[in-house]
Each structure stands twice: as C-alpha cells, then as structure tokens.
Amino acid sequence: MATQPQHLVDVLGSVPDDDAGRSRWARAAGGIEAYREQWGVDPEHLRQPPVDDLQHRHWTAAVETVEMLKRLDAVQLARGVDRSLGIEL
C-alpha cells in the first residue's frame, strides 16, 4: 500500500482495506490536499479554521465532507455490511 501521509491519517484515519472505503478515502484526501494547495496551508495547521470568509467556506465544506464519510462508514459497519461485497450479512 502507498504511504499514508500522517496529516491525512490524523483527519481521515487509515486507508480502509475494501475498495469502496479506499475510494472514499482517496476522494476525501484529494479534497484535503487540493484545499491545502489552494490556500497554502501547512499540514500542522490543517485543523485550524481560517479567518478569510471564502477560505472558511471552503474549509467548512471540506470538514463536512470528511464527517459525512466517517458517518457513512460507521453506519455501514453498524448494520453489518460486508464492505468488500457491498451486501448486508
């Protein structure tokens, strides 16, 4: 498996083993990295909300996306979904 940058693991957790989870993780990680690149945010400042209004809206949308993905994973695990096959057990 490819190296997982610590700042992404801190926010998203480790890359899941299943294909769907890996895909969601990669999309969220890409969004975080795009945000960091666009606004020049160092990894150690990633969790600090910005002061600028436009940047703050972008940051809020990114945080909401990460939280939504975490809730989706938790619901799937709580229901007993076999994430590798996408079926309920």
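Some points to look at:
- Within the shell of other residues whose beta carbon sits under 13 angstrom from the beta carbon of LEU46, the net charge comes to -3, with Lys and Arg scored +1 and Asp and Glu -1.
- Value of D in µm² per second that Stokes-Einstein yields for the stretch 1-51, Kirkwood Rh from Cα pairs, at 37 °C (0.692 mPa s): 283 µm²/s
- Distance in nm between pseudo-label sites at ARG22 and ASP52 (7 Å out along the Cβ direction from Cα): 3.6 nm
Since every read-out is calculated from the coordinates, none of them should be taken as a lab result. This is a predicted model, so every value here is computed, not measured. Every residue, glycine as well, gets a Cβ built from its backbone with ideal geometry; the counts of neighbours run over all protein chains shown.
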